[in-house]
Amino acid sequence: MTFENINYHDLRLSLADVCEQMGYGDATPDDDVMAEVRAVGDMAAAVARPRFCYMLADGTLDLVRDTLTIGGTELHVGRIISRQLRGSEAFALFVATAGAEFEDLQMRLKDDDDMVRTFIADSFGSVIAERTADIMEECLQGELDGRGWRHTNRFSPGYCGWHVSEQQRLFPLFGVERPCGVRLTESSLMVPIKSVSGVIGLGPGVRKLEYSCGLCDYKDCYKRKRPARS
């Protein structure tokens, strides 16, 4: 398994990304809001310890039943994801997280009843987790380059028809109780909550595409809120 801690500044976060996550789209918040965004950003930079881990695994994709079987565990990924993974010769299972330290910051702001900064921190956490996963993909591709392989988009339980309860099947495949310090609740919620997990297809004949939102009816998917990265 590959594990890496990320320096917060290496995330290269943009305040514009955070504001977009907050719901401003392309608009710029007023000066008072931006001052709060910068303040929370400074807090996040001081405490956040994002990290990721991933492991490579052999697996069998069944396009009739829309399942992916790894190590005897059957993941019911659904039609959309199974088609996107088609042609994969192996798979990467991953977890990326903003970290428990950042979640502690969120809890402190909430305990202080500072709802504005709590909301802003929530948006920061989402962006941190996703950018950490982006860096994970970059690291993964560096490993694949030696094989002449590429990778697909990353896909997570809870999106594209893959039920969130499948986290309970996914996490034991890592072989450790808390990959990257992330645990699951009985309701399949990840803790720290600002975490991302899932699967990526690997092989010489696969490719990463723009997220095909037209195939999916999940209106709150974060991929609808920002352009795909190159």
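The values are calculated or read from the model by the stated rules, or taken from the named source; none is laboratory data. In this text, all values refer to a predicted model and were calculated from it rather than measured experimentally. Reconstructed Cβ throughout: ideal geometry from the backbone, glycine too, with neighbour counts over all protein chains shown. Just the protein is used for accessible areas: all its heavy atoms, side chains included, with ligands, DNA and RNA removed. Shrake-Rupley method; radii C 1.70, N 1.55, O 1.52, S 1.80 Å.
Can you spot a residue in the range 101-117 that is open to solvent by less than 40 Å² (accessible area, probe 1.4 Å), hydrophobic (A, V, I, L, M, F, W, C), modelled with pLDDT of 95 or more and within 22 Å of residue 7 (Cβ to Cβ)? Yes, because at least one residue in the range 101-117 is open to solvent by less than 40 Å² (accessible area, probe 1.4 Å), hydrophobic (A, V, I, L, M, F, W, C), modelled with pLDDT of 95 or more and within 22 Å of residue 7 (Cβ to Cβ).
The residue list 72, 59 contains one member that is small (Gly, Ala, Ser) and surrounded by fewer than 20 Cβ atoms within 10 Å (Cβ to Cβ), which is 72.
The number of residues in the range 148-180 being outside any loop (DSSP other than H, G, I, E, B) and either surrounded by fewer than 18 Cβ atoms within 10 Å (Cβ to Cβ) or of a type in the set (Val, Ile, Thr) (or both) comes to 7.
For every residue, the table says whether it meets (1) in contact (Cβ under 8 Å) with a residue 12 or more places away in the chain; (2) in a helix (DSSP H, G or I).
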residue	(1), (2)
10	yes, yes
22	yes, yes
27	no, no
32	no, yes
36	yes, yes
43	yes, yes
49	yes, no
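Take residue 49 and decide whether it is on the phi < 0 side of the Ramachandran plot, over 17 Å from the mean Cα position of the chain (by Cα) and open to solvent by 50 Å² or more (accessible area, probe 1.4 Å). For residue 49, the condition - on the phi < 0 side of the Ramachandran plot, over 17 Å from the mean Cα position of the chain (by Cα) and open to solvent by 50 Å² or more (accessible area, probe 1.4 Å) - is not met. Residues that are surrounded by fewer than 20 Cβ atoms within 10 Å (Cβ to Cβ), outside any strand (DSSP E or B) and touching a residue at least 24 places away in the same chain (Cβ under 8 Å) within the range 79-99 comprise 79, 80, 86, 87, 89, listed in sequence order. Criterion applied to 178, 154, 169 was being more than 11 Å from the chain's Cα centre (by Cα) and touching a residue at least 12 places away in the same chain (Cβ under 8 Å), and the one residue passing it is 169. Here residue 145 passes the criteria (1) crowded, with 19+ Cβ neighbours inside 10 Å; (2) out of contact with any Phe, Trp or Tyr (no Cβ under 6 Å at 6 or more places or on another chain); (3) within 25 Å of residue 57 (Cβ to Cβ) except the one numbered (1). If you filter the range 185-230 down to residues that are of a type in the set (A, V, I, L, M) and surrounded by fewer than 18 Cβ atoms within 10 Å (Cβ to Cβ), you find that the one that is modelled with the lowest pLDDT is 228. Can you tell me how many residues in the range 13-35 are open to solvent by 40 Å² or more (accessible area, probe 1.4 Å) and hydrophobic (A, V, I, L, M, F, W, C)? Matching residues across the range 13-35 total 5.
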